[in-house]
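One structure below.
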Amino acid sequence: MVMEEKRLNIVDVTLREGEQFAKAFYTTEMKIELSHLLDEFGVEYIEVTSPACSPQSWEDAKILSNLGLKAKIAAHVRCAKEDIDISLDSGVDVIHMMFATSPILQKYSTRKDINFVAEQAVKMTEYLKGMKIETRFSGEDATRSNLEDLEKVLDGVVNAGVDRIGFPDTTGIALPNQIEELFTHFKNRYNIDMEYHGHNDTGCAIINSYTALKSGATHIDTSIMGIGERNGITPVGGLIARLYISDREYIDHYNLKKLVELDRKLAEFLDIDIPFNNYFSSDNAFHHAAGIHTNAIIRNPKSYEIFDIEEFGVSRTLEVGHRLLGKNVIEMLGKEMGLSHTREEYIQITKELKTITDKRRYTPEEIREYIRSWNGKAGK
Ligand code: HCA
Ligand code: CU
């Protein structure tokens, strides 16, 4: 299938790649709840751990496949008939096969050479096409694979009728220019659906995903908050943030209000904190501190915010208890409390507050109390 419209297909891998995260353990109930939320957000695919991995993984794949979600359930499997058969038996909608195509993983991980990979990939693709099930093939460690090796394997699976080919940056080593070249090359070679899966070891997961999309990828792998092996992969919130700003038409079909709920739910399930620098859902994502910023934000939020944050169901906070505070925010606070100090008085209060907040941070409540009981006598 060839997709021409400007649309992103999100392959959510929270339940598969994310299960490889150091802090992850999912119960069946958690998998069900996360799948419902992901479906409400609108991801196109929910990838699950290979049903061949453990008895419960098989049971859960079956349960998720029977939830009646709009999202397709995809089993992530080794390119081996035993694993594929067990997965098919669980009732999943899609098979995501992978096999290492890089010399280093062939030597130390799979211990299968490129000829074996090419032959096996074609065999399994033909096998699955015979059953008319949607099939994807990924060359694991594509970004450290030789181009000729990738071509050899992918030519075979494309000829055998695979629906989609995947290019994982398994070690997070790639720069955007490599991703652009890779996707442009294979788009011109096949014009088929292509998927990108980017690890974040060097902080390039989002920009590489974005670049892949602009260079012909139709499917991007993300996970909630980016969880995965090591420091993880492209976080769904970060990719949405990028596209919301520069290419909104790709993400029109997602329910943006669900993003924060996804992060909160996962953090609760895994008993982790939402990282301080997380997109949209961190406590400080829309916290404005310096007086220069808060003064301008009060006049127009667009001065320091690029998103319409209401669309994400979140709100901003303004710093009041720090020495960087601004007079406008203090005046606003006073007015909110129904006080009737003059502008000059608020300027005076701000001056005093800057002295006391030089010692430590104050809570908003302490600052409110100071303004409330201010009577013109400094230092009380
Ligand atoms: C892994 C490998 C993988 C596979 C991605 C894919 C990667 O950790 O098991 O199937 O496209 O990063 O290469 O996640
Ligand atoms: Cu991965």
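Odds and ends about this structure:
- Selection status of ASP271, closer than 26 Å to LEU256 by Cα and of a type in the set (D, E, K, R): yes
- Qualifying residue in the range 135-153 (condition: more than 12 Å from ligand 1 (Cβ to nearest atom), at positive phi and surrounded by 18 or more Cβ atoms within 10 Å (Cβ to Cβ)): no
- Counting only helices (runs of 4 or more DSSP H) that sit completely within the range 242-341, zero hold 3 or more residues that are open to solvent by 40 Å² or more (accessible area, probe 1.4 Å), of a type in the set (S, T, N, Q) and not assigned by TED's automatic domain parsing to the domain that holds THR14.
- Of the numbered criteria (1) in a helix (DSSP H, G or I); (2) within 15 Å of ligand 2 (Cβ to nearest atom); (3) hydroxyl-bearing (Ser, Thr, Tyr), the one TYR196 fails is (1).
- Residues of the range 179-198 satisfying the condition of being open to solvent by 10 Å² or more (accessible area, probe 1.4 Å) and within 16 Å of the chain's Cα centre (by Cα): HIS197
- Subset tally (residues that are touching a residue at least 12 places away in the same chain (Cβ under 8 Å), in a loop (DSSP other than H, G, I, E, B) and within 14 Å of ligand 1 (Cβ to nearest atom)) for the range 1-60: 9
- Some residue of the range 71-87 being in the same structural domain as VAL13 (by TED's automatic domain parsing), among the β-branched types (Val, Ile, Thr), modelled with pLDDT of 95 or more and surrounded by fewer than 23 Cβ atoms within 10 Å (Cβ to Cβ): yes
- For the range 331-359, the set of residues classified as of a type in the set (Gly, Ala, Ser) and farther than 18 Å from ASN295 by Cα consists of GLY338, SER340, listed by residue number.
- Of the residues screened, ALA205 is one that is open to solvent by less than 50 Å² (accessible area, probe 1.4 Å) and under 28 Å from ASP263 (Cα atoms).
- When VAL2 is tested against the conditions (1) β-branched (Val, Ile, Thr); (2) under 29 Å from TYR190 (Cα atoms); (3) modelled with pLDDT of 95 or more; (4) more than 18 Å from the chain's Cα centre (by Cα), the lone failure is (3).
- In the set (1) closer than 26 Å to ASP193 by Cα; (2) open to solvent by less than 20 Å² (accessible area, probe 1.4 Å), ARG7 fails one condition alone, (2).
- Members of the range 158-178 that are hydroxyl-bearing (Ser, Thr, Tyr) and surrounded by fewer than 22 Cβ atoms within 10 Å (Cβ to Cβ): THR171
- Test: residue in the range 21-39 that is within 13 Å of ligand 2 (Cβ to nearest atom) and within 22 Å of SER209 (Cα to Cα): yes
- Checked against the criterion of being closer than 18 Å to ALA241 by Cα and away from ligand 1 (no atom under 12 Å from the Cβ), the candidates TYR190, TYR210 yield just one match: TYR210.
- Residue match in the range 119-128 (condition: assigned by TED's automatic domain parsing to the domain that holds CYS79, in contact with a helix residue (DSSP H, G or I) (Cβ under 7 Å, 6 or more places away or on another chain), open to solvent by 40 Å² or more (accessible area, probe 1.4 Å) and within 16 Å of ligand 1 (Cβ to nearest atom)): no
- Residues in the range 214-231 that are crowded, with 24+ Cβ neighbours inside 10 Å and either more than 14 Å from ligand 2 (Cβ to nearest atom) or of a type outside the set (Val, Ile, Thr) (or both) were compared, and the one that is farthest from ARG164 (Cα to Cα) is MET225.
- Residues that are in a strand (DSSP E or B) and without any contact (Cβ under 8 Å) to a residue 60 or more places away in the chain are absent from the range 185-192.
The values are calculated or read from the model by the stated rules, or taken from the named source; none is laboratory data. This is a predicted model, so every value here is computed, not measured. Methodologically, a virtual Cβ is constructed for each residue, glycine included, from the backbone with ideal geometry; neighbour enumeration extends over all protein chains shown. All accessible areas refer to the heavy atoms of the entire protein, side chains included, with ligands and DNA or RNA removed. Shrake-Rupley method; radii C 1.70, N 1.55, O 1.52, S 1.80 Å.
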